[in-house]
Amino acid sequence: MPTTRARLGRRPSSSSYSSTITTIVFVSLCVLGVWLLTSTSVVPPKSTTRTSTTDSTASTTSSFTSTIMNAHKTISNTVKPTPVFKDSQGDLPDDALKTGDANRPQDTSEIDKLPTDVSSDITKDSGGGGDALNVNVDQSLQSNENVKPEDEKKNVNPVVAENAQGLHGTESVDEQEKQKQLETQTSEESSITHKQEAEQITAGTGKTTTGKEKAEEDVSLDSGNDAHGVTTDNTKNILSDHEQQKRLEQHQQQEDDQMQQKQKQSEEHTQGVTSKDQIKHDEAPIVKDVKIQNDHKAPVNLTNNVPVLKNENYKTEIVVPKESKESKKAWSTQADQSVNQKERRTVGKNNQDSSVPEQNWRLCKVEALADYIPCLDNEDAIKKLKTTKHYEHRERHCPQEPPTCLVPLPQGYKTPIEWPKSRDKIWYHNVPHTLLAEVKGHQNWVKVSGEFLTFPGGGTQFIHGALHYLDFVQEAVPEIAWGKRTRTVLDVGCGVASFGGYLFERDVLAMSFAPKDEHEAQVQFALERGIPAISAVMGTQRLPFPSGVFDLVHCARCRVPWHEEGGALLLELNRVLRPGGYFAWSATPVYQTLEEDVEIWKEMSSLTVAMCWELITIKKDKLNSAGVAIYHKSDTNECYEQRKQNKPPMCKHDDDPNAAWYVPFNSCMHRVPSKETERGYRWPVEWPERLQTPPYWLNQSQVGIYGKPAPDDFAADLEHWKHLISKVYMKGLGISWSNVRNAMDMRAVYGGFAAALRDLKMWVVNVVNVNAPDTLPIIYERGLFGIYHDWCESFSTYPRTYDLLHADHLFSQLKKRCKIVAVMAEVDRIVRPGGKLIVRDDSATTKEVENLLKSLHWEIRKTISQNQVGILSAQKTFWRPNATAAPT
């Protein structure tokens, strides 16, 4: 072979073109033909030998036929054809991807040293719960264009270089230069194409990002939903044209039987066909969700047909698949449970309003003005009520068509004071109501102090402060154990919610509620202070909570007639109170001896005994000149079975205690769960362990919302939200989380969003939609709180009461049932100026929401679009339309 290469490397004189050189050329062509058919990356040979026209050349060639065949066999057995690796933006040789090649050398170190430029990240695609590869293709595709000839020689396998020299030694200098120019042009075209693709994908994020930032933004953008990415590859078309292949096949047919057998073996290991846009491999995984990265290299995997694509950013992948069809069958909804609920509006053609970027917004023309709550201020519906004896006029009466008007701002409105200062004072002009200060100021509810409304922390039963009162209650019954055994509290008739506000210092969450009545704006005061509360009343319908979820229920002079009408209202508290929970009642019948108080106490005592509530203690507070009676709900059915009279009656078996959406009171008691696998059989683990502990009543045989066994689903959901919030929400949405106090998850599942934010000085009310799987009991079991709601209707809260709303795949579902314009008007109503909205939904829906927000003059802080899934972050401004009012 050295002699052969020396001959091919010399430039022969014109007089020496004899039969010998013709023979050598023919042998070389045969070798080249074999090599071309066994390689997918070759440079077509271009012969530069001049053809002799003399007869002596032909005769000489004929006389050396046998010599040619013998020489050809000798060369074939001693020289292994090795493909030429082109310098073409990281093209990988097929041989480097083959497996099982019997002739392949075991030492692959030389191949591993070859330059590659494929840079990728792999993450699991959670769409549909399946595994896929999320590949991030390297954008630096032109790196090899600047490699010097000396560097090329250093980086090439010596065997490859040796054969390349033999094959191209006969090419003229001009033809070699043309070949290099052609390769360079192809390389530049490929690089430009990928730059354009990179710019298109990067543009979807709203800014240019580095590779690391881009990876963080893409953390589970499509978790919980289908994702269809665009597959892109940086591989060029490196196959010979059809004519060259045909010619080489003709040469191959002239080979002997031995060479044909080797060719068949080589073809069995060939891996697919390389095209301009995609490399297809028989066993290669599906590649999708392409993004652009520029900071990682992918080593060649010699055993798996495809390059190894490593993810250096995250050690653990977190995947939460989309909601499974099986879970929809396994989980009931409030719409199913609440058989007596009012009819839901059916889908009409007017509901498909799509995007309305030019929506003509106007102010609402209502008597409530800046305090308008559509479902509580429906004057037309209230006028039609036959009676208001049971506070029916304080219950929800939503308009048949939800309003699409906007609520005005109070004159002089300012950005709310931040927590914890807001607990003690708020801007007067934000809630410009003084009546409560006039009638309750002496009880330290609220006072007017210049441009502020101040809250000394008192209440009717704890004039000298809520903290003393909290210690007083726990001293009465140490088993209450604030922040450990007792985590979720319901405060009935809360006033300005100072009781719940100071419970935060005991690591307790209180859901406070009071009606919108003559104690004007009491719930609005609470929310402006940064304390969770809703507008609700104990009238004729069940509260919008599941059964047995509150660890303690509290009533301090809440003005609720518990003893009347067979104890219907107290029986509702019994429904929502956890078996083994406590009822703390601080009212005048407990400690005063007036005739009316004594009579009420007698009736209350008889009722609680019949309900199997045990009176634990009656303790008087000398400092506040008040007292409290604390009752304990039975955690067994033994007492119920021993009662002489069935009053109050036990509920029928078909009465679902969890049905709570527009369900009338049923004056009866539900039996306590008696099986170990039933919810309510035993008390949850202590806080804070209960936050991350799957409820004991979730079992492996139960299908979770995302298709996994329920306990695994619960754990995966928590990890998913921790990862998404830390990598995307906290860093990439332009939100100052230190300014967020009142938050709402508009479509909660297990409460993972709220759980992941637990360490921040904020609270999150979890809304479980009435047509979604009923997971609200799980949320309470882990020590969080929430409420049932239908977002086709207005929420029971005052305007401007939330700092942040989070909507995870909510609007795409609501569009099927109601007008998204009305939903956006409701979002605008309850978010404060300066408040934020985070939307995570399919890209089309996210765009519709973005257009509507722009029409509302919201500031779009961040948009991320990837794999048909989008994240939107927006902030409400102080803009309001002109004073021209519109009907609701």
For the ranges 24-32, 577-585, what's the packing order if you count other beta-carbon atoms within 10 Å of each residue, average per peptide, and put the highest first?
577-585, 24-32
Mind listing the long-range amide H neighbours of G834? Cut-off is under 5 Å, sequence gap 5 or more, other chains count too, H placed in the peptide plane at 1.01 Å from N.
K876, T877
Cα-Cα longer than 19 Å, checked against K389/K516; K516/K819; K847/K876; K425/K447; K425/K516, kept in input order, equals K516/K819; K425/K516
With all protein chains in place and a 1.4 Å probe, K647 shows an accessible area in Å² (nearest 10) of 140 Å²
Ranked by how many other beta carbons lie within 10 Å on average, peptides 493-505, 855-867, 672-684 from highest:
493-505, 855-867, 672-684
Ordering of 372-380, 394-402 by packing [mean C-beta count within 10 Å, highest first]
372-380, 394-402
Taking the Cβ-Cβ separation of Q411 and W879 as r and a Förster radius of 22 Å, what is the calculated FRET efficiency to the nearest 0.05?
0.90
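The values are calculated or read from the model by the stated rules, or taken from the named source; none is laboratory data. This structure is a prediction, so every number in the text was calculated from the model and none was measured. In this analysis, Cβ positions are derived from the backbone assuming ideal geometry, glycine residues included, and neighbour counts consider all displayed protein chains. The protein model used for the area step is the full one, side chains on, heavy atoms only, and it has no ligands, DNA or RNA in it. Shrake-Rupley method; radii C 1.70, N 1.55, O 1.52, S 1.80 Å.
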